[in-house]
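S.K.: Quick one: the structure is below, and I'll ask about it shortly.
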Amino acid sequence: MYFESHAHYDDKKFDKDRFELIEEMHKNSVDFIVNAASDLKSSLMGIEIASQFPFFYTSVGVHPHETENMSETDVETLKKLAEKDKVVAVGEIGLDFHYDFSPRDLQRKWFKRQLQLAKEVDLPVIIHSREAAKECFDIVKESGVNKGVIHSYSGSWRMALDYIDLGFYIGIGGMVTFKNAKKPIETVEKVPLERILLETDSPYLSPEPVRGTRNNSQNLSYICDKIAHIKQISSEIVAKITSENSMDLFSLK
């Protein structure tokens, strides 16, 4: 019923029950999962997990937090990994000016390089943008990449529509259920359902009413129900259309 477009099942928080949980979620209405990589190690682990489940896919890429020591050799490694079965995207890549765990100039450099990589291997991108909305948009637009999703979208609804004009989808996760979720709610109101993907960002960003617990893809139901409430349509329609959107983006049809 649900398509999980962004989770991190390589995360150490799943070390004790990773494979059992993935199997259980699939039995309980999570039809597909895309794991979002954050560095070379998680890219490799995502590929390994994906090899165990026919419904599990993965991306390869380096998160902005991890770009400080990135090299062109890493890009070449990512290029080879992108050829593996079950790899459906380059990501999670982008800019994060909230924590600045990596210098901003290096974040910019390797974001641009990985966008170029996505074009070279003809894969969509999974974009991370935090407190860098305008610069991230400008870099994406300049790159010419027109296939991807803006993960855990937190910007303005106007910029969401600008991304859609470039060909992108908008990832909506647990934040839309939070009490102070003005921007995500406005985005859901304004963005066509045909351009929305469901995501949890597991194990992070658990939605209400399970906020504060370890997130997992079964919690997509809360996000789906909230979107349905905002748009005044059934949850079944939201689940169906967003799943079709994800199938299209990741070329799984």
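Derivation of every value follows stated rules applied to the coordinates shown; laboratory data play no part. Not measured: the values here are computed from a predicted model. Backbone-built Cβ (ideal geometry, glycine too); neighbour counts: all protein chains shown.
S.K.: So if I take the centroid of the Cα atoms in segment 132-153 and the same for segment 200-251, what is the distance between those two points in Å?
M.R.: Each part reduced to its Cα centre gives a spacing of 22 Å.
S.K.: Pairs of Cα atoms under 8 Å, at least six residues apart: use those to get the relative contact order of segment 2-249, whole percent.
M.R.: Rounded, it is 18 percent for segment 2-249.
S.K.: Still on this model: Please go through segment 96-176 and write out the chymotrypsin sites (Phe, Trp or Tyr not before Pro) that DSSP classes as loop and that have at most 14 other C-beta atoms within 10 Å.
M.R.: Y99, F101
S.K.: What are the ³J(HN,Hα) couplings of segment 113-118, residue after residue, when phi is run through the Karplus curve with 6.51, -1.76, 1.60 and θ = phi - 60°? Round to Hz, x for glycine and proline.
M.R.: Working through the residues one at a time gives 5, 6, 5, 4, 4, 4 Hz.
S.K.: Under a 5 Å amide H to amide H cut-off, with H placed in plane at 1.01 Å, what residues pair with F53 once short-range neighbours are removed?
M.R.: Amide H neighbours of F53: none.
S.K.: Follow-up. How large is ³J(HN,Hα) for each residue in segment 154-171, as worked out from phi by the Karplus curve 6.51 cos²θ - 1.76 cosθ + 1.60 (θ = phi - 60°), to whole Hz, x for Gly and Pro?
M.R.: Values per residue, Gly and Pro as x: 10, x, 6, 5, 5, 5, 4, 5, 5, 5, 4, 4, 7, x, 8, 9, 10, x Hz.
S.K.: Taking the Cα centre as origin and putting +1 on Lys and Arg beta-carbons and -1 on Asp and Glu beta-carbons, what dipole magnitude results for segment 96-198, to the nearest 20 debye?
M.R.: Details: 16 positive and 14 negative charges, 26 e Å.
Dipole size: approximately 120 debye.
S.K.: Which pairs break 23 Å Cα to Cα here: K109/K141; K41/K86; K79/K240; K147/K240; K182/K253; K147/K190?
M.R.: Long pairs (Cα-Cα over 23 Å): K79/K240; K182/K253.
S.K.: Can you check what the net charge comes to around L249, using other residues whose Cβ is under 11 Å from the Cβ of L249 (Lys, Arg +1; Asp, Glu -1)?
M.R.: That sum, taken over residues with Cβ under 11 Å, equals +1.
S.K.: Can you list the HN-Hα couplings for segment 63-80, worked out from phi with the Karplus curve (6.51, -1.76, 1.60; θ = phi - 60°), rounded to whole Hz and with x for Gly and Pro?
M.R.: 5, x, 4, 9, 8, 4, 10, 6, 9, 5, 4, 4, 4, 5, 5, 4, 4, 5
S.K.: Given the C-alpha centroids of segment 91-118 and segment 1-49, what is the distance between them in whole angstrom?
M.R.: About 23 Å separates the Cα centre of segment 91-118 from the one of segment 1-49.
S.K.: Would you mind ranking V210, V149, V176 by Cβ crowding within 10 Å, fewest neighbours first?
M.R.: Numbers: V210 15, V149 30, V176 22.
Arranged by neighbour count, lowest to highest, V210, V149, V176 become V210, V176, V149.
S.K.: Let me ask something else. Could you give the spread of the C-alpha atoms of segment 105-193 along their three principal axes, from largest to smallest, in whole angstroms?
M.R.: 40, 27, 19
S.K.: Evaluate the relative contact order of segment 53-106 (contact order divided by residue number), counting alpha-carbon pairs under 8 angstrom at least 6 apart; express in whole percent.
M.R.: Numbers: 58 pairs, mean separation 28.1, N = 54.
Once divided by the residue count of segment 53-106, the mean separation gives 52 percent.
S.K.: Excluding residues fewer than 8 places away in the same chain, name every one of the aspartates and glutamates whose C-alpha is closer than 20 Å to that of K134.
M.R.: Cα-Cα hits under 20 Å: E92, D96, D100, D105, E142, D162, D165, E186.
S.K.: Turning to a different aspect of this structure: List the relative contact order of segment 89-177 as a percent without decimals, with contacts defined as Cα pairs under 8 Å and 6+ residues apart.
M.R.: Once normalised by length, the contact order is 28 percent.
S.K.: In addition: Mind putting a number on the dipole of the chain about its Cα centre? Charges go on the C-beta only, +1 for Lys and Arg and -1 for Asp and Glu, and I need it in Debye to the nearest 20.
M.R.: 480 debye
S.K.: Would you indicate which of [x] 6, 23, 23, 18, 12, 6, 5, 4, 2, 1, 0; [y] 8, 34, 39, 18, 1; [z] 6, 23, 27, 24, 15, 4, 0 is the value of P(r) over Cα pairs in 10 Å bins from 0, in percent derived from the coordinates of this structure?
M.R.: Of the labelled values, this structure produces [y].
S.K.: Counting other beta carbons within 10 Å of each Cβ, put H151, H128, H65 in order, fewest first. Kindly include the intermediate steps, with their values, before the conclusion.
M.R.: Details: H151 27, H128 24, H65 16.
Ordered by Cβ neighbours within 10 Å, fewest first: H65, H128, H151.
S.K.: Calculated from DSSP H runs of 4 or more alone, at -39500 (n - 2.57) each and per residue, what is the 222 nm mean residue ellipticity of the chain, nearest 500?
M.R.: -13000 deg cm²/dmol
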